[in-house]
1. Would you say ALA119 is farther than 17 Å from ASP96 by Cα, modelled with pLDDT under 90 and among the hydrophobic types (A, V, I, L, M, F, W, C)?
2. So ALA280 fits all but one of (1) touching a helix residue (DSSP H, G or I) at 6+ places or on another chain (Cβ under 6 Å); (2) open to solvent by 20 Å² or more (accessible area, probe 1.4 Å); what number is the exception?
3. What about ALA124, is it over 21 Å from SER183 (Cα atoms) and under 35 Å from the mean Cα position of the chain (by Cα)?
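The values are calculated or read from the model by the stated rules, or taken from the named source; none is laboratory data. The structure displayed is predicted, hence computed values, not measured ones. Glycine gets a Cβ as well: all are built from the backbone with ideal geometry, and neighbour counts include every protein chain shown. For accessibility, only protein heavy atoms count, side chains too; no ligands or nucleic acids. Shrake-Rupley method; radii C 1.70, N 1.55, O 1.52, S 1.80 Å.
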Amino acid sequence: MSGGAEAAEEARKRRTRFPFLLAVGIGCYVLAVIAGTFLLADDFGFGLLIPLWIVHGVLLVVLLRKLGARESSAYAMLFIVGASLMSVYIAHVAHDDLLLQRRGEKVTATVVKEWLDPAQGRKARDSHYALEHQDGTEVPGPAMTTTSDLYDVGQKVTVIEDPDGELRPQTPGQADATGDALSSAALALAALGAVAWMAWRGSDAARRRNERKRPGAAGRAYKTLTRDHSTREEQEEKLRDALRGYPSDRRGYIKVRPEEYPDVTQRRAARIAWEMGLRAEAVGNRGSWRFGETVVEEVPQD
């Protein structure tokens, strides 16, 4: 292998490694933010962490744009931030359930009061219950809450109470943290999946850009089969003649076959067309190059 070919291969490997390592770094950063927010939320509350999440979102957009798929970076950032926030919130619910299971005590209590959340449009209203022990003392902690009306005043119910009174009492079924832990992990994985998707989008966009920059294999094969030994300058002049003389289709496009110009890149063809008052279409070409006065997406010029 020649020195130039070896240098090109090494450059290709570096381009392949960089997005992969960057994506791994972004994934680790996302996990670190989720873990850090989970640890800080107890001390500062979710409200005081909003400025940090705004900074996190801005930094995340900058990092995602470096993966190459710039047009999707803002949407991916919103998804990652939303999934991360939900993961942290559900992780806190699971943590409270596990804490209640570890230090809580199972008791039989009586419902002495029941009330609903105030009506707020079409929002569902949770039910709240004040509980008492069999000896008439209150069950410590906030009122027990359910998402539907399950109990009536005077009804006896088995709950796990927090002796410290910090956590609300729950039934043994409510205190099962398995579902919440799995949901939190799934949301964290979804955030990482969005990073991987952006890395794939970026690599795919880079591949398409590289294909537009260099002559295609079909063009080289065409040149070999037809024994066309024309120079690039001759091919460019041939392209100018085609743009001047070829008729346009019903959508106003002039179509040419790129394999007839094996040494001319699409970017260079776009430059030639621009000099003649035309623009090169970047999408929907289906094996052809299309040129017109107006296009959906213009090919960058060489």
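1. Values: farther than 17 Å from ASP96 by Cα: yes; modelled with pLDDT under 90: yes; among the hydrophobic types (A, V, I, L, M, F, W, C): yes.
So ALA119 fits the description; yes.
2. (2)
3. Considered against the rule, which asks whether it is over 21 Å from SER183 (Cα atoms) and under 35 Å from the mean Cα position of the chain (by Cα), ALA124 comes out as yes.
Quick grid of which residues meet (1) at pLDDT 90 or above; (2) open to solvent by 80 Å² or more (accessible area, probe 1.4 Å); (3) more than 27 Å from the chain's Cα centre (by Cα):
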site: SER2; (1), (2), (3): no, no, yes
site: PHE18; (1), (2), (3): no, yes, no
site: ILE26; (1), (2), (3): yes, no, no
site: LEU64; (1), (2), (3): no, no, no
site: ALA69; (1), (2), (3): no, no, no
site: MET77; (1), (2), (3): yes, no, no
site: ALA91; (1), (2), (3): yes, no, no
site: LEU98; (1), (2), (3): no, yes, yes
